[in-house]
Structure formats: structure tokens, C-alpha cells
1. Go through 12, 52 for me and flag whichever is under 24 Å from the mean Cα position of the chain (by Cα), under 25 Å from residue 235 (Cα atoms), open to solvent by 10 Å² or more (accessible area, probe 1.4 Å) and at pLDDT below 95.
2. Within segment 194-237, can you find the residues that are in a helix (DSSP H, G or I), open to solvent by less than 60 Å² (accessible area, probe 1.4 Å) and within 16 Å of the ligand (Cβ to nearest atom)?
3. Going by what's in this entry, would residue 260 be described as modelled with pLDDT of 95 or more, β-branched (Val, Ile, Thr) and away from the ligand (no atom under 16 Å from the Cβ)?
4. Is there a residue in segment 238-253 that is within 14 Å of the ligand (Cβ to nearest atom), open to solvent by less than 50 Å² (accessible area, probe 1.4 Å) and modelled with pLDDT under 95?
5. Residue under question is residue 234, and the condition is that it be touching a residue at least 40 places away in the same chain (Cβ under 8 Å) and more than 19 Å from the chain's Cα centre (by Cα); does it hold?
6. Criterion first (more than 30 Å from residue 105 (Cβ to Cβ) and of a type in the set (Gly, Ala, Ser)) does residue 300 satisfy it?
7. Mind listing whichever residues of segment 146-173 are near the ligand (Cβ under 7 Å from one of its atoms), over 19 Å from residue 198 (Cα atoms) and hydroxyl-bearing (Ser, Thr, Tyr)?
8. May I ask you to list the residues in segment 70-95 that are closer than 22 Å to residue 270 by Cβ and either among the aliphatic types (A, V, I, L, M) or open to solvent by 10 Å² or more (accessible area, probe 1.4 Å) (or both)?
Amino acid sequence: MRAVIAEKHGGPEVLRLAERDAPVPGPGQLLVDVAAAGVNFADIYRRQGLPPYAGDVPYVAGLEGAGTVAAAGPGTDRVGDRVAWTDVPGSYAEQVIVPADRAVGVPEGVDLEVAAAVMLQGMTAHYLSSGTYPVARGEAVVVHAAAGGVGLLLTQMVTRRGGVVIATTSTPEKAELARNAGAAHLAGYGDFGAVAREVTGGDGAAVVYDGVGRATFDDSLAALRRRGYMVLYGAASGPVPPLELQRLATGGSLYVTRPTLVSYITTRDDLVHRADDLFSWIEQGTLAVRIGGRYPLDQAARAHEDLAARRTTGKLILLPR
Ligand SMILES: NC(=O)c1ccc[n+]([C@@H]2O[C@H](COP(=O)([O-])OP(=O)(O)OC[C@H]3O[C@@H](n4cnc5c(N)ncnc54)[C@H](OP(=O)(O)O)[C@@H]3O)[C@@H](O)[C@H]2O)c1
């Protein structure tokens with residue numbers, strides 16, 4: 001079977017397609033024929049060797065996908081099931097081993113490509129909007145990079161909770177996608193703070209969801225209302241330098257958190273209930289999943305380049321077959 005391997009840490013050029021023996025499922029494991037693998041920023045950080053994402057080399061890239069169970073190890077019996085997963089290494093491949101307790105069933109009404117596209121970013125948007133800061137009706141919420149993978153899903157989820165989204169994007173085309181996802185106000189990276197003040201009568205936003213990081217962090221803090229929440233969940237523009245805590249006092253008793261998906265999926269129940277919400281919203285037609293790019297397996301490097309260069313919208317997936 002074919003898989004995308006990184007022999008060492010580095011740029012996109014370290015990714016190459018290789019022929020490997022088909023893995024054999026052990027106890028509690030499933031061998032899955034991959035229909036689609038999700039491309040994520042975490043894959044880029046891992047490839048670059050950035051802590052805490054760095055791991056051993058060589059490795060098979062990717063950690064998210066969906067497909068059909070081809071074989072099951074002792075103690076499991078789900079052959080033929082349609083399943084999806086996140087946080088499972090080796091997903092950029094024709095076949096992958098998925099621990100049975102990490103695999104969620106995909107309902108018939110959800111396409112496998114869509115399932116692969118929504119696992120990591122959808123669950124992230126889910127925990128950010130309902131767990132990290134449970135958005136309440138009428139609250140002003142800044143969503144950065146709102147036309148991106150997490151951004152489009154988060155904009156929809158905040159909107160369905162009654163939040164008023166102030167969306168940042170870098171182009172008119174991306175702004176239009178954010179508007180279609182429910183954003184009430186469109187802003188650029190230079191003026192979102194002013195927009196947040198204007199639409200709240202001077203108070204500021206209840207929460208800023210910031211996956212951009214270094215480029216936006218300071219203005220994001222300044223856009224918050226008294227006791228507002230700064231949710232720094234990523235670093236697409238680079239990591240944020242150390243923070244002088246006194247700034248939280250002068251900003252009006254602010255909160256800062258740096259959440260990760262793994263701390264919000266600590267049990268099988270967490271995984272299943274978040275996935276169930278996503279799949280049922282998709283089946284009802286109340287959550288749109290935009291697949292902004294489909295790439296063959298041998299184009300994984302190009303997918304990484306496009307994502308890092310801000311050329312993409314929505315989700316990128318790899319199609320092994
Ligand atoms: N903590 C978690 O649990 C978690 C989970 C998933 C993802 N994340 C993080 O969420 C962020 C978004 O991930 P994603 O996969 O959904 O990516 P994405 O939003 O689809 O792509 C990143 C977007 O960020 C914006 N951006 C602004 N400045 C940028 C810069 N200097 N370089 C690159 N992009 C820049 C771009 O949108 P514009 O062109 O509109 O500015 C770009 O399209 C990443 O930081 C990722 O690490 C965190």
C-alpha cells in the first residue's frame with residue numbers, strides 16, 4: 001500500500017510517496033481502507049519538527065481521516081463499517097491502523113469525504129464554542145481567519161448559539177464565505193478591534209477566537225470587553241511571545257487560555273458526543289462543510305504549501321484512491 005512518509009523534519013519537500021507493507025491490526029485495532037485523509041496545520045508543525053508536535057522520524061504523515069474497515073484484530077468486529085477518526089498517526093495512506101476506541105461510526109447520510117473533513121476542525125470548533133467559552137445569545141464574538149477550516153465551522157456554530165460574529169479574513173472572496181457562514185460583521189486584520197467596539201457600543205467582544213497567533217494577539221486582547229476571554233487556539237502566523245500578565249489587569253480583568261483538542265476529548269464519551277453532534281447537524285443540513293481542495297496522495301506537499309501560504313478556504317483533503 002502507498003503512504004506519505006517524512007524521512008526527516010523540514011519543508012514540504014521531505015514528504016514523499018512510498019510503498020509499504022499493509023499493516024496488520026493487533027488486539028483492539030482496525031485496519032481501515034482510507035477514503036479521505038484530512039490535512040491540518042498540526043501536520044505542518046509535525047513535519048517542521050516544532051514542539052510539542054515533533055516526533056520520531058521517519059513517520060507516516062497525517063492524523064485524521066475516514067474510510068471503511070477492511071479487517072479487525074482480536075476483540076473487535078467492525079469489518080465493513082464506515083468510520084472516521086482524529087489523532088491517529090499514519091492517516092496519509094491507502095490503509096491505516098485505527099484503535100477501535102478512536103473510531104466513530106459515520107452515518108449513511110454523511111459522505112466519507114465530509115466525515116474526514118470535519119473530524120479535527122469540527123470537533124475543535126465544537127469545544128471552542130461550547131466548552132472553552134460557551135457563547136451566549138447576543139454576545140459579540142471575534143472569529144479570526146473565518147474562511148479557513150476551523151473558521152467556517154466556528155462561525156456557523158457561534159451563530160447557531162445566537163452569538164454575533166465579527167469575522168476577519170484577508171480577501172473579499174474569503175469575506176463572502178464568512179458572511180454565508182453567518183458572520184454578522186466583516187472586518188480586516190487591521191480594523192476588527194474598531195468594529196468590535198462599534199457594534200457593542202464601545203464595550204468590546206465577549207470572546208476572541210484566535211488561531212492566527214503572533215500577528216493578531218495584541219489587537220485581539222485590546223478588542224475584548226471587561227472580563228473578556230482571549231482564546232488562543234493556534235499559531236498560523238507564528239507563536240505568540242511571552243505575555244506580561246499585568247496586561248490582563250489593564251485590559252479589564254481579562255482571561256487567556258491556550259486550549260488543545262486532546263484536553264477536550266479525554267474519554268470515548270467526549271469523542272462520540274461531539275462527533276454525533278457534528279454528523280447530526282450535517283445530516284439535518286444545518287452545518288455546511290466546505291471542502292476547499294482535494295489532492296491525490298502524491299500531492300501532499302502541495303497541500304501543505306497551499307495551506308501555509310493562505311491560498312485555501314475551508315478544508316483540504318487527500319484522496320488515496
Ligand atoms: N487548538 C486546537 O485544538 C486546534 C485544532 C485545530 C486547528 N488549530 C489551529 O487553528 C488554526 C487554523 O487551522 P486550520 O487548519 O483551520 O487553517 P485555516 O484557518 O484553514 O488556514 C489558516 C488561515 O489563517 C489565516 N492567516 C492569517 N495570517 C496567516 C499567516 N501569516 N500564515 C498563514 N495563515 C494565516 C489565513 O486566512 P486569511 O487569508 O483569511 O487571513 C489562512 O487561510 C491553526 O493555527 C491551527 O494550528 C488548533
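1. So the residue among 12, 52 that is under 24 Å from the mean Cα position of the chain (by Cα), under 25 Å from residue 235 (Cα atoms), open to solvent by 10 Å² or more (accessible area, probe 1.4 Å) and at pLDDT below 95 is 52.
2. Step one: list which residues in segment 194-237 are in a helix (DSSP H, G or I), which gives 194-199, 217-222.
With the extra rule that they be open to solvent by less than 60 Å² (accessible area, probe 1.4 Å), the set shrinks to 195-196, 199, 217, 220-221.
If the condition is that a residue be in a helix (DSSP H, G or I), open to solvent by less than 60 Å² (accessible area, probe 1.4 Å) and within 16 Å of the ligand (Cβ to nearest atom), then 195, 217, 220 are the ones that fit.
3. no
4. Yes, segment 238-253 contains a residue that is within 14 Å of the ligand (Cβ to nearest atom), open to solvent by less than 50 Å² (accessible area, probe 1.4 Å) and modelled with pLDDT under 95.
5. no
6. no
7. Matches in segment 146-173: 170, 171.
8. Hits for segment 70-95 are 76, 78, 81, 82, 83, 84, 87, 88, 89.
The values are calculated or read from the model by the stated rules, or taken from the named source; none is laboratory data. As the structure is a computational prediction, the values presented were derived from the model and not from experiment. Backbone-built Cβ (ideal geometry, glycine too); neighbour counts: all protein chains shown. Heavy atoms of the whole protein, side chains included, go into the accessibility calculation; ligands, DNA and RNA do not. Shrake-Rupley method; radii C 1.70, N 1.55, O 1.52, S 1.80 Å.
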